[in-house]
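Just so you know, all these numbers are worked out from the coordinates, no wet-lab data involved. Keep in mind it's a predicted model, so treat the numbers as computed, not measured. Reconstructed Cβ throughout: ideal geometry from the backbone, glycine too, with neighbour counts over all protein chains shown.
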Amino acid sequence: MTPTATTTDAGVLGRIRDEILARQRFLITSHAKPDGDSIGSQAALALALRALGKAVRVVNADPPQPSLLSFPGVADIEVAPRVEGEFDAVIVVECPDLARTGVSGLEPHFIINVDHHPGNTLYGAVNWFDQGAAACAEMVFDVIASLGVPLTPEIATGVYVGILTDTGSFHYSNLSPRTFDICRQLLEAGANPVAIARTVFDDNSVGRIRLFSAVLSSMEVDDSGRLATLLMTKEMERRTGGRYDDTEGLINVPLTVREIQAVALFKEAEPGVYRVSFRSKGDVDVSEVAKRFGGGGHRNAAGCTVPGDLPSVRGRIAPLALEAIDRSGRASA
Ligand SMILES: [Mn+2]
């Protein structure tokens, strides 16, 4: 098969259906540090294939987030750096290239690639790549429908978890009428959107909230009101009972202020060394700032490690971040 850039035609879905129906033993994997779309897509697909009497193992390089563990099929997901055993096909969901799985031993197998990430390298024997899908789970929904497997509440829950998380709770731009049509069918099949959202998002601890509170209390906003800086120290971690590695989403809080265009979080890595994380909106390119200090990343999310005391590190970073904001203002003017 000659892969094409975006293969949304009915032909590829029919081919996936035929290849699955003709095979018996499956491995399903996804990207390392799996997100809600990875886990929801995998769990739903595994349940659907098992309903067809197939043998299915799901193997990822890293465990699911604890908040996802109670969803149907998720506890069965294995964590391993390498796959061993005989499989008739490997289905890779939500993964732009094979290396991103973090799992070795996949290459010799017949690979079915189902993904929506821009830049997918079409590494499979069969590739369904649709970057217009709001979540890989939308594509998995179509695969399950093509197989003729009835939607159970458990399967519907997995697909809904993927869509809910990958759309940022229905905030992001890839949403389409199709997204809501699928969700309508998922609810009709028994997915409970209130219970799912509570399970996914109500996973804070008191210590985590206290750590967030300490870090947000450190916020400084520059005179123009466009740049926020945050500080996190080991002392804050000790005092609050939060965990240093459990601060997902914290840096995004200042960005919810309309005027703030970029955020820099200075996280004390060791005495005299700061890990600096950046987030920005729109055309503000914070990766350029990170690169000046040997780091990198994307336009709107980047990071670097900088030695020095806080006043000097902040003093070097803040003017460059403001320049990045100024540049974007000029570009869009
Ligand atoms: Mn996704």
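For a Förster distance of 25 Å, can you work out the FRET efficiency between the beta-carbons of residue 222 and residue 245, rounded to the nearest 0.05?
The value I calculate is 0.30.
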key: Cα gyration tensor shape for the stretch 285-333, rounded if a/c is under 1.5, else prolate or oblate   = oblate
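Report, in order of residue number, the helices in the chain meeting two criteria: a C-alpha extent of 24 Å or more along the helix axis, and a mean Kyte-Doolittle hydropathy of at least -1.0; treat each whole DSSP H run as one helix. Walk me through the intermediate numbers first.
Values: long enough: 310-332 (33 Å, 0.02).
Going by DSSP H runs, the hits are 310-332.
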request  = With a ≥ b ≥ c taken as the square roots of the eigenvalues of the C-alpha gyration tensor of the stretch 150-260, please select rounded if a/c is under 1.5 and otherwise prolate if a/b is larger than b/c or oblate if it is not?
outcome  = oblate
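Quick one: length gained pulling residue 104 to residue 178 fully straight, 0.36 nm per residue minus the C-alpha distance?
Values: separation 74, 0.36 × 74 = 26.64 nm, distance 3.49 nm.
Here the answer is 23.2 nm.
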remark   = Expected unfolding gain across residue 21-residue 327 under the 0.36 nm per residue rule, minus the alpha-carbon gap, is 104.7 nm
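Within the chain, what is the longest stretch that has no trypsin sites (Lys or Arg not before Pro) placed in a DSSP loop and near at most 14 other beta-carbon atoms within 10 Å? Spell out each step's value before the answer.
Numbers: sites that count: 243, 258.
Between the exposed loop sites, the longest stretch runs 1-242.
Report, in debye and to the nearest 20, how large the dipole of the chain comes out about its Cα centre when Lys and Arg carry +1 and Asp and Glu carry -1 on their Cβ. Don't skip to the answer; put the middle values down first.
Details: 32 positive and 41 negative charges, 101 e Å.
That gives a dipole near 480 debye.
What share of Cα pairs, in percent, lie more than 29 angstrom apart in the stretch 10-201? List each step's numbers first, then the result.
Details: 2139 of 18336 pairs.
Of all Cα-Cα distances in the stretch 10-201, 12 percent exceed 29 Å.
For the stretch 206-332, what is the Kirkwood estimate of the hydrodynamic radius, computed as the reciprocal of the mean inverse distance between distinct Cα atoms, to one decimal in Å?
Numbers: mean 1/r = 0.0690 Å⁻¹.
Value: 14.5 Å, from the Cα pair sum.
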note = Between the alpha carbon centres of the stretch 164-215 and the stretch 95-140 the gap in Å comes to 24
request  = Between 194, 159, 103, find the one with the highest GNM mean-square fluctuation for the chain; connect C-alpha pairs within less than 10 Å.
outcome  = 194
message = Run the helix sum for the chain: -39,500 (n - 2.57) per DSSP H stretch of 4+ residues, divided by residue count, reported at 222 nm to the nearest 500 deg cm²/dmol.
response = -11500 deg cm²/dmol
note = So, relative contact order of the chain in percent, Cα under 8 Å, 6 or more apart, is 12
Long-range Cα-Cα pairs in the stretch 2-117 (distance over 25 Å), rounded percent = 17
ask   = Taking a label point 7 Å from the Cα of residue 80 along the Cα→Cβ vector, which residues of the stretch 17-31 have an amide N closer than 18 Å to it?
value = 24-31
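In the stretch 73-126, which GluC sites (Glu not before Pro) are in a loop and have at most 10 other Cβ atoms within 10 Å, using DSSP for the loop call? Spell out each step's value before the answer.
Values: sites: 78, 84, 86, 94; in loops: 84, 86, 94.
Here the sparse-neighbourhood loop sites are 84, 86.
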Where a label projected 7 Å from the Cα of residue 299 along Cα→Cβ would reach, residues of the stretch 159-193 with amide N under 19 Å = 172-175
For the chain: span of alpha carbons on each principal axis (Å, largest first) = 64, 42, 39
